[in-house]
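The values are calculated or read from the model by the stated rules, or taken from the named source; none is laboratory data. Since the structure is predicted, the reported quantities are computational estimates derived from the model, not experimental observations. Positions of Cβ are generated from backbone atoms using ideal geometry, with glycine treated the same way; all protein chains shown enter the neighbour counts.
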Amino acid sequence: MSDATVNTEVQTGAPEARFGDYVLLLKPRVMSLVVFTALAGLLVAPGSLSPMVGFTAILFIALGGGASGALNMWYDADIDRIMKRTKGRPVPAGKVTGGEALSIGLWLSVISVAMLGLATNWVAAGLLAFTIFFYAVIYTMWLKRATPQNIVIGGAAGAFPPMIGWAAVTGGVSIESVLMFGLIFMWTPPHFWALALFMKSDYHEAKVPMLTVTHGRKETRRQVWIYSLLLAPVALGLGLTSIGGPIYLSAAIVLNLIFVLRAYAVWRRDEATAEADSYAAEKRLFKFSLSYLFLHFGALMADAAMRAAGVWGW
Amino acid sequence: MPITETHELHKRRLGRNVGVALSLVGFAAIVFGLTIAKIQEGASMEAFDHQPRVSVTPVTEGGDQ
């Protein structure tokens, strides 16, 4: 009894973690994108899952993504403490200890991979395990602090969910799922670098090499343009596979044309022009990139619904 | 020894404890729902309590055992 009394007294002054703080460890905003893209991969795949199995698959893919977020917060607590954007996170704010974040991350990883394997198949579970490993170890622990291409590499982790959703139904990997991966993978760099051009960040204070700092803003603009040119054929190519259809192809043509034109506008500007209009072109590209991804996956699901309804085959 | 007095800590951690409880109940419900869904899909059922397991019974010549 006396031990318990001492414990409670010691902890009274410390900031107390609420349940919501543990939820924040899982990066709910990232999880919402994971849910959406994994659901798209699952719905467009040939074959079907019962609603309960499908729900379980999406839930544990999202939880696996959350687990990698918790591991990221555990490892990055030192740099999160320095940057304004991240210093309010549960670990640097002192609400959750690093050990708790690590423990939650590891346990949720094991639970989500095991449950996805039991609910669907072990190919999907293996891909989820690799995604967690890739984000937590390859990206967070190794490359994030080592190369200005960290965004490109980190984007791969975010690109896996539709592939996992697809594997949950089919039990394998195919050209369609690889191209869905490619769509998010190629989209991430221009999306993030457009943001980096107009947001004042303090990555340099945390000694995280970001392209805008290591290679300058002019080179960042050029990279935005290059990646948007590489993105377009991947997006259009996806429309020529078995999951493409008239809705997706029409949407992809229009969306990629706009994306490339907006990226071109960003590339052709210099800093003085950008500052004069408060980075209007960069903001336009960033805002459009959000709708871009949502509309591509939305169009894929719309085509799948049309095919299921027998409106058209492809 | 049972806890007979409510400490201030119990009130402070109520939200967290309710959250953990709901998560565990949710997890149990998912495992139950998944089991029902799998059985309805025709997944094999085997009892491991002193009964022969179909999946490990050797196949005999001619098919029938």
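Applying the condition of being touching a helix residue (DSSP H, G or I) at 6+ places or on another chain (Cβ under 6 Å) and more than 12 Å from A:Ala168 (Cβ to Cβ) to the range A:51-63 and asking which residue is surrounded by the fewest Cβ atoms within 10 Å (Cβ to Cβ) yields A:Met52. All of A:Val110, A:Val173 fail the test of being under 25 Å from A:Leu293 (Cα atoms) and out of contact with any helix residue (DSSP H, G or I) (no Cβ under 6 Å at 6 or more places or on another chain), apart from A:Val173. Taking A:Leu108 as the residue in question, decide whether it is within 15 Å of the chain's Cα centre (by Cα), within 14 Å of chain B (Cβ to nearest Cβ) and modelled with pLDDT of 95 or more. In short, no. Scanning the range A:2-54 for residues that are modelled with pLDDT under 90, closer than 29 Å to A:Asn72 by Cα and of a type in the set (Ser, Thr, Tyr) gives a single hit, A:Thr12.
Out of the residues in the range A:158-170 that are of a type in the set (Gly, Ala, Ser) and within 21 Å of A:Tyr292 (Cβ to Cβ), which is farthest from the chain's Cα centre (by Cα)? Residue satisfying both the conditions and the ranking: A:Gly165. Being more than 27 Å from A:His296 (Cβ to Cβ), out of contact with any strand residue (DSSP E or B) (no Cβ under 9 Å at 6 or more places or on another chain), buried (at least 19 other Cβ atoms within 10 Å of the Cβ) and of a type in the set (Val, Ile, Thr) is a description that does not apply to A:Val152. Report whether or not A:Thr97 is among the polar types (S, T, N, Q), in contact with a helix residue (DSSP H, G or I) (Cβ under 7 Å, 6 or more places away or on another chain) and not assigned by TED's automatic domain parsing to the domain that holds A:Leu195. Against the criterion (among the polar types (S, T, N, Q), in contact with a helix residue (DSSP H, G or I) (Cβ under 7 Å, 6 or more places away or on another chain) and not assigned by TED's automatic domain parsing to the domain that holds A:Leu195), A:Thr97 does not qualify. For the range B:1-59, a tally of residues being modelled with pLDDT under 80, within 10 Å of chain A (Cβ to nearest Cβ) and part of a loop (DSSP other than H, G, I, E, B) returns 3. Residue count for the range A:128-172 under the criterion of being among the hydroxyl-bearing types (Ser, Thr, Tyr) and under 18 Å from A:Lys27 (Cβ atoms): the result is 4.
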